[in-house]
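Written out below as structure tokens is the structure these notes cover.
The values are calculated or read from the model by the stated rules, or taken from the named source; none is laboratory data. The structure displayed is predicted, hence computed values, not measured ones. Heads up, the Cβs are rebuilt from the backbone with ideal geometry, glycines too, and the neighbour counts pull from every protein chain shown. Heavy atoms of the whole protein, side chains included, go into the accessibility calculation; ligands, DNA and RNA do not. Shrake-Rupley method; radii C 1.70, N 1.55, O 1.52, S 1.80 Å.
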Amino acid sequence: MAACVSRVELSVSCRSLLDRDLGSRSDPLCVLLQDAGGGRWAELDRTEKIKNCQDPEFCKKLVVDYYFEKVQKLKFSVCDIDNESFDLNDDDYLGGVECTLGQVVSSSVFTRPLELKQGKPAGKSTITISAEEMKDTRVVYLEIEAQNLDKKDFLGKSDPFLEFYKQSNAGTWQLVYRSEVIKNNLNPCWRKFSVPLQTFCGGDFNKPIKVQCADHDSDGSHDLIGTLETTLAQMQTAGAGSPVEYECIHPEKKQKKKNYKNSGIIRIKSCKIETEYSFLDYVMGGCQINFTVGVDFTASNGDPKSTDSLHYISPDGINEYLIAIWSVGSVVQDYDTDKLFPAFGFGAQVPPSWQVSHEFPLNFNPSNPYCQGIQGIVDAYRQILPQIRLYGPTNFSPIINHVARFAAHSLQQGTAAQYFILLIITDGEITDLDQTRQAIVNASKLPMSIIIVGVGEADFKAMEFLDGDNSVLKSVTGEPAARDIVQFVPFRQFKNAPQEALSQMVLAEVPKQLVSYYKWQGWPPLKLPEIKAM
């Protein structure tokens, strides 16, 4: 495998984008794609969407691994986003540009006209990309508030937000962070945020930083409240009980008004710098990922002998359960040295007593439920199918609590040594929702993640509820999950997609969940990386 030379961060801005929205300007987003061969493009990253803007400067940086020895063909596509779906095929295309990463990296600033298709320009639209190598893994954490900001809205107060710019070597200002908007408030307190040190100031603590405070308008014509200039070194002097204060100055008001004092005070409450470890730092530092599978054997799946059953094994030896086990397991197994995976079933009557069990080992060996490799799980699944009776109810909590006991045991070591992934494959009719909510809330404090793949055509509303993407999952008693650990994916969305598409979607959250857990605990990797170049 080619060694990744370094990671590169790309800043993107556009000018004079086409207008595709009636009555307002376009809402652009830029997506970065890499040539995957055979005329296919794979998405690497995407920026945020900016509302009502034909000259966007995107705040979210695009990150790409740079391989010196490879020609890395890239495509930057700009779309006008008109809905909340992740899929961009239903959004208006505003133009794109194809280039290589080498071209971008070797130009200090890379500007090209956007094209709707080869040789057809998208009006006068241009895209500008600048690259910066990510050498530094330190992160700046800031807490900021303001006082007595100018009132900008005729009927309300102001809706202030902050933008931070660093000065480039060429002397221009480059956006590095944009805060959330706080509605109708002249004394706002923004939520704590973090920016990689490299992005924030290129690692130079004395590099000029410009902070701009503006009043947000939904049509994109934001009103400047005021600006200030500082450096990270100055901001770092903020500490507990002694914030650093700056006057927020509107340059035109200062020129015109003799008795002008300021347009408010910006106060840095705290400014801390911490080292941020990556998923690879933890894995390469010795963290083992333990993979457990739970298979739904409830009667709602249908009789396995019947061709319309979700457990029916087709003549070519597969079904949706097996495809899910293979596609997820084949990725995860590389991170587990012993390749021994516990695999359980739930919701069936099990011999010899024919009692319903909600955590029976697929190999019928309770003292050693481990299967050898992913093939071992598949073999155990095929062997057990004719020996059990599909029954019910569909209870998730026993198997979640089972894995949580192991995760709790590893937690006592107090190191980033073990992380647990539970894959539950189900047809979706969950019975013990309240107990499952409690089990997930308890597990959110442990080194584990839960992946649920829904097979069949059922209504998966309960699964989507457990996947706390839209709001924080709470137990019945109102206790919130400490973090989001559940990722739910309906298999039907991937029926005709390549096998790797399911595993990529299902496992996309796991690195973030692992890193966020160890960060929350304050645990570094077992072995610290010697050189932090990536």
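Data for the structure
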| item | result |
| --- | --- |
| 5 angstrom amide H check on Cys371, placed H, neighbours 5+ away | Phe341, Ala343 |
| Heavy atoms of Ile273: accessible area, 1.4 Å probe, square angstrom to 10 | 50 Å² |
| Normalised contact order of segment 138-275, rounded percent, pairs of Cα under 8 Å and 6 or more residues apart | 31 percent |
| Nearest-20 debye value, segment 6-133 charge dipole, Cβ charges on Lys, Arg, Asp, Glu | 440 debye |
| Euclidean distance of C-alpha centroids, segment 330-389 and segment 457-513, integer Å | 23 Å |
| Links that overshoot a 27 Å alpha carbon limit, given the list Lys152/Lys269; Lys49/Lys183; Lys75/Lys527 | Lys75/Lys527 |
| Residue-averaged [θ]222 nm for the chain, counting only DSSP H segments that reach four residues, each worth -39500 (n - 2.57) | -5500 deg cm²/dmol |
| Cα-only Debye scattering, segment 6-133: base-10 log of I(q)/I(0) at q = 0.11, 0.22 Å⁻¹ | -0.35, -1.41 |
| The chain - charge dipole about Cα centre, Lys and Arg +1 at Cβ, Asp and Glu -1, debye rounded to 20 | 1720 debye |
| Sites Tyr67 and Glu276 - FRET efficiency at Förster radius 30 Å, r taken between beta-carbons, to 0.05 | 0.85 |
| Estimated FRET transfer efficiency when R0 is 51 angstrom, pair Gln413-Gln504 (beta carbons, to 0.05) | 0.95 |
| Relative contact order %, segment 138-188, counting alpha carbon pairs below 8 Å whose residues are six or more apart | 42 percent |
| Nonlocal amide H pairs with Asn290, under 5 Å, H built at 1.01 Å | Tyr419, Phe420, Ile421 |
| Segment 289-499 shape via C-alpha gyration tensor axes, a/c threshold 1.5 | rounded |
| Relative contact order for segment 289-499, counting Cα pairs under 8 Å that sit 6 or more residues apart, in percent | 21 percent |
| Estimated vicinal HN-Hα couplings, Hz - segment 88-97 in sequence order (Karplus 6.51, -1.76, 1.60; Gly, Pro = x) | 9, 5, 9, 10, 6, 8, 9, x, x, 9 |
| Two-site label geometry, Phe465 and Glu247: point separation in nm, points 7 Å out along Cα→Cβ | 5.7 nm |
| Calculated over the chain: convex hull of Cα atoms, volume per residue (Å³) | 194 Å³ |
| Along the chain, longest interval not containing exposed chymotrypsin sites (Phe, Trp or Tyr not before Pro), exposed being DSSP loop plus at most 10 other Cβ atoms within 10 Å | 155-534 |
| Extension gain from Asn187 to Asp204, taking 0.36 nm per residue of separation minus the Cα-Cα distance | 3.1 nm |
| Accessible area in square angstrom per residue, the chain, 1.4 angstrom probe | 48 Å² |
| Within straight-line cross-link reach of Lys461, lysines at Cα separation under 26 Å, skipping those fewer than 8 residues along the same chain | Lys445, Lys474, Lys495, Lys512 |
| log₁₀ of I(q)/I(0) at q = 0.14, 0.18, 0.22 Å⁻¹ - segment 138-275, Debye sum with one point per alpha carbon | -0.64, -1.04, -1.42 |
| Partner aspartates and glutamates for Lys157 [C-alpha distance under 13 Å; skip if fewer than 8 residues away on the same chain] | Asp215, Asp217, Asp223 |
